[in-house]
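Accompanying notes for the structure given below.
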Amino acid sequence: NTIASLIRFNPKQAEQAVEDLADMFRASFSDTRQLVTWHEELTLCLQYSRIEALRFGERLQMVWQTDKIPEDALLPPLCLQPLLENAIRHGIQSLPEGGTIDINGQFDGKFISLEITNPIAEEWPSPHQGNQMAQTNIQQRLQVYYGAQAYLRVQHQNQRYQVALRFPYKNQYNENYCRR
């Protein structure tokens, strides 16, 4: 609907949104057994964010602090995008004033840590809280690739919801570092 509304008034923005959406569809149909680089995952998330920014406008703010994560770090595909989608759907969308999603990433030389934090309504959990399928799926994929070295943790307090991921750094040069 957002794209359709843009076609007449802002065709360039509509075209960019269609291209972003096409890339997201391609990623969702790709082989989930193949790891992707942090750069690829981040690019997909930024494309998704652009689409949602068209929909929510000023109600959606995102603060990215992920410069410390090596671009060649490998991770299971679609580990971050579904968490952003949840943050928007269960956080920003339910707040009339919207809010800010913070995405923080750290690298200590061995492990990569990511935290996605979003505001939640005072009456959380809402009736539309979902069933945590995305979180469970991501946790299971992290365990398959990294075993006990990885985790996904959830915390909510003070009208904030936070999902934290931690997994070992792996790139094409140290591929045997991961459990198969």
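Roughly how many Å² of Thr136 are accessible to a 1.4 Å probe, to the nearest 10?
So the heavy atoms of Thr136 present about 70 Å² to solvent.
Using unit Cβ charges (K, R positive; D, E negative) and no other charged atoms, how large, in debye to the nearest 20, is the dipole of segment 29-79 about its Cα centre? Don't skip to the end; give the middle numbers.
Details: 5 positive and 8 negative charges, 47 e Å.
Rounded to the nearest 20 debye, it is 220 debye.
Using amide H atoms built 1.01 Å from N in the peptide plane, name the residues 5+ places from Tyr161, or on other chains, whose amide H lies under 5 Å from its own.
Residues meeting the amide H criterion: Asn118, Ile120.
The values are calculated or read from the model by the stated rules, or taken from the named source; none is laboratory data. Since the model is a prediction, treat every value here as computed from it, not as a measurement. With ideal geometry, Cβ positions are generated from the backbone for all residues, glycine too; neighbour counts draw on all protein chains shown. Surface accessibility is based on the protein's heavy atoms, side chains included, excluding ligands, DNA and RNA. Shrake-Rupley method; radii C 1.70, N 1.55, O 1.52, S 1.80 Å.
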